[in-house]
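Here's the structure we're looking at; comments come further down.
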Amino acid sequence: QVQLVESGGGLVQAGGSVRLSCAASGRFSTLGMGWFRQAPGKERVFVAFMTWSGSTTSYADSVKGRFTISRDNTKSTLYLQMNNLKPEDTAIYYCAADPKAAYRVGRSYDYWGQGTQVTVSS
């Protein structure tokens, strides 16, 4: 079993930065990890992914160059550094663990956090 708890969300002005954290319990260091987001009235979508070793990352085109995923396996924590935020980045952000197949697909993941709200004001 893996339990995930996100933190770090809040209200930020456009152009600002926020770093999200996802604290994990269980076998974090062997798992691929992803970030997803869900805007009001929309489906949850892929944001970023990192392999267990951190050697490979992948980003949605909408956040490429602005967001950075990272992890600290010694702390069992996943991060998402979000820079140059835009109002369209407003969403609930979720971390997810252990994709069984396509890592850009939410249903591939076995474990999810409860989410943290990020609101970007214009």
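The values are calculated or read from the model by the stated rules, or taken from the named source; none is laboratory data. Quantities reported herein were computed from a predicted structural model and do not represent experimental measurements. Using ideal geometry, Cβ is built from the backbone for each residue, glycine included, and neighbour counts are taken over all protein chains shown. Note: areas computed on protein heavy atoms with side chains; ligands, DNA, RNA excluded. Shrake-Rupley method; radii C 1.70, N 1.55, O 1.52, S 1.80 Å.
Things to note:
- DSSP assigns beta bridges within the chain; of those with both partners inside it, close to 90 percent run antiparallel.
- The stretch 9-55 shape via C-alpha gyration tensor axes, a/c threshold 1.5: prolate
- Per-peptide average of other Cβ atoms within 10 Å, ordering 106-115, 85-94, 9-18 highest first: 85-94, 106-115, 9-18
- Cβ-derived FRET efficiency at R0 25 Å, residue 107 paired with residue 66, nearest 0.05: 0.45
- Carbon and sulfur %, accessible surface of the chain computed with the full protein complex present, 1.4 Å: 48
- When the square roots of the Cα gyration tensor eigenvalues are ordered a ≥ b ≥ c, the ratio a/c for the stretch 67-116 is 1.5 or more and a/b does not exceed b/c, which makes its shape oblate.
- Overall form of the chain per C-alpha gyration tensor (a/c, 1.5; a/b vs b/c): prolate
- Annotation for residue 119 and residue 43: the two label points, set 7 Å from Cα along the Cα-Cβ direction, are 2.7 nm apart.
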